[in-house]
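One structure is given below, encoded as structure tokens.
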Amino acid sequence: MLKIAPSILSADFCNLERDIRRVSSADWLHVDVMDGMFVPNITIGVPVVESIRKYTDLFLDVHLMVEKPGRYVEAFARAGADLLSVHLEADMPPFLKEALHAMDQCGVKKAVALRPITAAEAVLPYLELGVDLVLVMTVEPGFGGQKFMADQLPKIAAVRRYIEQYRPGCDLEVDGGINAQTARQVIDAGVNVLVAGSAVYGADDPAAAIAALRG
Ligand code: DX5
Ligand code: ZN
């Protein structure tokens with residue numbers, strides 16, 4: 001089933017409760033955590049996730065764009081995240097595996113994320129570890145509102161093939177530049193979770209934008 005995950009990065013942080021309510025027809029809520037090191041931008045952290053948790057029952061999909069993300073797994077799990085994704089470029093493989101193990105211990109779903117430069121094959125050891133989701137970035141992580149990178153489509157299709165072969169049931173999510181047009185391309189390539197920030201919050205009617213992403 002296709003899931004839509006609006007990214008609150010494009011919301012008005014002074015009116016976050018209102019803006020979360022505006023996307024209540026979505027399936028998940030995508031929360032971008034940036035540390036100013038792994039990416040040049042700084043966004044939000046654990047206390048904000050804790051506050052969001054009190055105001056919504058939506059599944060909280062927390063995208064960690066931070067160096068050495070294993071340091072924060074427990075804190076975000078305790079704050080109420082339902083799924084945590086760690087970037088394959090954010091630490092050495094043994095530490096990333098520890099982070100995924102910590103997610104199991106904390107009872108949150110576990111995911112790995114790939115920057116555009118990272119090849120599809122990089123997911124193989126993590127599919128073997130039983131990740132629940134793979135996130136393929138279709139922009140350089142760091143900012144909302146960037147242009148969709150169509151050169152990631154073959155990689156998305158390759159990751160889908162690996163999932164079918166080694167970890168059927170694993171979700172495949174795409175993040176960056178997704179709108180009603182690019183949504184069709186990534187769905188054709190095998191994606192089943194769409195993150196969208198500006199396409200949802202930049203629209204006059206976010207609920208209509210969510211419906212348009214569903215196609
Ligand atoms: C970018 C973030 C995205 C961002 C997407 O690094 O990971 O989640 O909010 O924004 P749009 O949909 O505007 O590209
Ligand atoms: Zn994101």
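The values are calculated or read from the model by the stated rules, or taken from the named source; none is laboratory data. Treat the numbers as computed from the prediction; the structure is a model and nothing was measured. All Cβ positions, glycine included, derive from the backbone under ideal geometry; neighbour counts span all protein chains shown. To get the accessible areas, we keep the full protein, side chains included, count just its heavy atoms, and leave off ligands, DNA and RNA. Shrake-Rupley method; radii C 1.70, N 1.55, O 1.52, S 1.80 Å.
Cβ-Cβ distance below 7 Å, separation of 6 or more or different chains: which pairs start in the stretch 67-81 with a residue that is over 18 Å from D32 (Cβ atoms) and end on one that is outside any helix (DSSP H, G or I)? From residues that are over 18 Å from D32 (Cβ atoms), the pairs are G70/D91.
Just need a number here: residues in the stretch 92-118 that are of a type outside the set (V, I, T) and open to solvent by 50 Å² or more (accessible area, probe 1.4 Å).
12
For the stretch 149-200, the tally of residues that are more than 16 Å from ligand 2 (Cβ to nearest atom), under 22 Å from K109 (Cα atoms) and of a type in the set (G, A, S) stands at 2. All conditions but one from (1) within 16 Å of ligand 2 (Cβ to nearest atom); (2) open to solvent by less than 10 Å² (accessible area, probe 1.4 Å); (3) not in a loop (DSSP other than H, G, I, E, B) apply to G142; the one that does not is (3). Annotation for the stretch 42-55: no member residue is closer than 24 Å to G176 by Cα and touching a Pro at 6+ places or on another chain (Cβ under 6 Å). When the stretch 146-205 is filtered for residues that are crowded, with 17+ Cβ neighbours inside 10 Å, outside any helix (DSSP H, G or I) and touching a residue at least 60 places away in the same chain (Cβ under 8 Å), the ones remaining, listed by number, are D171, E173, D175, N192, V193, L194, V195, A196, G197.
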